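Everything below concerns the one structure shown next.
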There are 4 protein chains.
Amino acid sequence: MTKGEGSLTALSNALADFARRRDWEQFHSPKNLSMALIAEAAELVEHFQWLTEEQSKTLDADKKDAVAMEMADILIYLVRTAERLDIDLIDSAWRKIEINEKRYPAEKVHGDARRASEYDKD
Amino acid sequence: MTKGEGSLTALSNALADFARRRDWEQFHSPKNLSMALIAEAAELVEHFQWLTEEQSKTLDADKKDAVAMEMADILIYLVRTAERLDIDLIDSAWRKIEINEKRYPAEKVHGDARRASEYDKD
Amino acid sequence: MTKGEGSLTALSNALADFARRRDWEQFHSPKNLSMALIAEAAELVEHFQWLTEEQSKTLDADKKDAVAMEMADILIYLVRTAERLDIDLIDSAWRKIEINEKRYPAEKVHGDARRASEYDKD
Amino acid sequence: MTKGEGSLTALSNALADFARRRDWEQFHSPKNLSMALIAEAAELVEHFQWLTEEQSKTLDADKKDAVAMEMADILIYLVRTAERLDIDLIDSAWRKIEINEKRYPAEKVHGDARRASEYDKD
C-alpha cells in the first residue's frame with residue numbers, strides 16, 4: 001500500500017468515482033447492488049463446490065488468485081452498497097461482534113456450530 | 001471508533017479470537033465459510049426483494065439498521081475467509097479496480113450496464 | 001414431449017444415470033449439490049440485476065433462452081438433491097402451499113408483500 | 001398424490017391462483033422472483049453449511065422435513081418465474097441435459113468434477 005489506501009473509505013471513494021465516470025450510478029440502487037453482490041458470492045461458492053473441506057484450505061497459486069478476485073468483487077459491491085445507504089461497515093461489524101458475543105457465550109457453544117435458530121429452540 | 005479499530009486487520013484478529021475461544025476453527029474451512037457468506041448475502045437480498053429500486057434507496061431507520069447488521073455479517077465472513085486463505089482483501093480490491101478500469105473503459109460503457117460477458121460478445 | 005418425459009421422475013432417473021456414467025455420484029452430497037444449486041440461482045439473478053422490473057418481463061428471444069437454460073440448471077440440481085435425500089419435490093411443494101395458505105390469509109395480506117417475519121411482528 | 005397433481009402445470013396454476021387472490025402479481029416480476037428464489041436457495045445452503053458431506057447425507061427426520069420445505073420454496077419460485085416468462089421448465093431441463101451430454105463426454109470426465117470453465121481451458 002503506497003497511497004494510504006488501507007481503509008475502506010479510500011476504496012469507497014474510488015468506487016463512487018468509478019461509477020460516476022461511467023454514469024452507472026443510475027443502476028446502483030441498493031436492490032440492484034444486493035443482486036450483484038450475491039452473484040459474486042456465488043462465484044466464490046462455485047470455486048469450492050466440488051472440493052473437500054481440506055482441499056478448500058490448500059489452494060494452488062492460480063486458484064487462490066482467482067478466489068481473491070471473487071472476494072474482491074464481493075467487497076467492492078459491499079462497500080458500494082454501504083456508501084449508497086450511508087452505512088458504516090466497520091462500525092456495523094464491531095456492533096455485530098458484540099451481539100454475537102452475547103448470543104453465543106463461549107462456554108455454552110464450545111465446539112458446537114449448530115445454527116443460531118437451533119440453539120434458540122433449546 | 002475509540003480503539004484504532006478502523007482497519008480490517010483489527011476486525012480479522014477479533015474474529016479469529018472469537019472462533020478460537022469457541023473451538024469453532026474446525027468448522028471454518030473456506031468451503032464452509034463461503035456457504036455462510038452467501039447465506040448472509042441472501043438475507044440482504046431478502047430485505048430488498050419486494051421493494052422497488054426507489055424504496056430500496058430510502059429505508060426507514062429500523063430497516064436500515066437491520067440491513068446494516070446483514071452487511072456486517074457479510075463482511076465478517078468475508079474477512080474470516082480471507083484470514084483462512086491468507087488473502088489481503090483491500091489489496092485484492094484495488095487490484096480488481098485496476099482490472100475493471102481496463103475492462104470497462106469509461107468512454108465505451110458510458111450509461112450502459114450490460115454484463116461483462118455481453119460486452120465480450122460485441 | 002414425445003417420450004412421456006413430462007414428470008420429474010423421468011428427469012430424476014436421467015440425472016442419476018448421467019452422474020453414474022461419469023462416476024460423479026461421489027461428488028453429489030446434498031451439501032455440495034446445494035452449493036451448485038445456489039451458484040445456478042445466482043446466474044439467473046445476474047441476468048436481471050441491472051434490468052428494471054419491467055425489462056425483466058419482456059426479454060428478447062436470446063436472453064429468454066439463456067434464462068431458460070439457467071432455470072433448467074436450477075431444476076436439475078434441485079431434482080438431483082431431492083433424489084439424494086429421497087424427498088418428493090412435488091408433494092413437498094403442495095404441502096408448502098397449504099402452509100402458505102394458512103400463513104398468508106388472502107384477505108389479510110391483500111396487495112401487501114412484506115416479509116413473513118415482518119408480519120409475525122405485527 | 002390423489003388429485004392428479006403430479007405435474008408442474010397443476011402446481012403452476014395453483015401458484016398463479018394463490019398470487020392472484022392476494023393481489024401479489026404486481027410484485028412478481030422475474031427480477032423480484034429471482035431474488036426470492038435465491039433467498040430460498042440460501043436457506044437450503046444454511047442447513048448444510050456446518051455439516052460434513054457425510055452428515056448432509058443422513059439427516060434426521062426433523063431436519064429432513066425442514067430441508068424438504070426449503071426445497072419446496074425453491075421449486076415454487078422456480079415454477080412461478082417460469083410461468084411469468086412463459087418458459088417450459090421440464091422441456092428446458094431435457095434440452096440442458098442434451099447439452100451437458102455433449103459438453104461432458106462420460107469417457108473424458110470420468111471421476112473428475114472440475115468446473116466446466118476449467119475444462120474449457122484444457
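The values are calculated or read from the model by the stated rules, or taken from the named source; none is laboratory data. Small disclaimer: the values here were computed from a predicted structure and weren't measured. Neighbour counts are summed over all protein chains in view; Cβ atoms, including those assigned to glycine, are modelled from backbone coordinates with ideal geometry. These area figures cover heavy atoms from the full protein model, side chains too; ligands, DNA and RNA do not enter into them. Shrake-Rupley method; radii C 1.70, N 1.55, O 1.52, S 1.80 Å.
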#### Entry: Lone unmet requirement of (1) assigned to a helix (DSSP H, G or I); (2) over 25 Å from residue C:105 (Cα atoms); (3) more than 14 Å from chain B (Cβ to nearest Cβ) for residue D:11
(2)
### Query
Can residue A:9 be described as farther than 21 Å from residue B:74 by Cβ and either surrounded by fewer than 17 Cβ atoms within 10 Å (Cβ to Cβ) or modelled with pLDDT of 95 or more (or both)?
no
### Task
From C:77, C:104, grab the single residue that is free of Cβ contacts under 8 Å to residues at least 60 places away in the same chain, more than 8 Å from every other protein chain (Cβ to nearest Cβ) and either open to solvent by 10 Å² or more (accessible area, probe 1.4 Å) or hydrophobic (A, V, I, L, M, F, W, C) (or both).
C:77
### Message
I'm checking my understanding of the structure. Among residues of the stretch D:80-101 that are more than 7 Å from chain C (Cβ to nearest Cβ) and not in a helix (DSSP H, G or I), which one is least open to solvent (accessible area, probe 1.4 Å)?
### Response
D:88
### Query
Only one of these conditions is not met by residue B:57: (1) of a type outside the set (Asp, Glu); (2) open to solvent by less than 40 Å² (accessible area, probe 1.4 Å); (3) away from chain D (no Cβ under 12 Å). Which number is it?
(2)
### Task
Taking the options D:44, D:51, name whichever one is under 21 Å from residue A:51 (Cα atoms) and assigned to a helix (DSSP H, G or I).
D:44
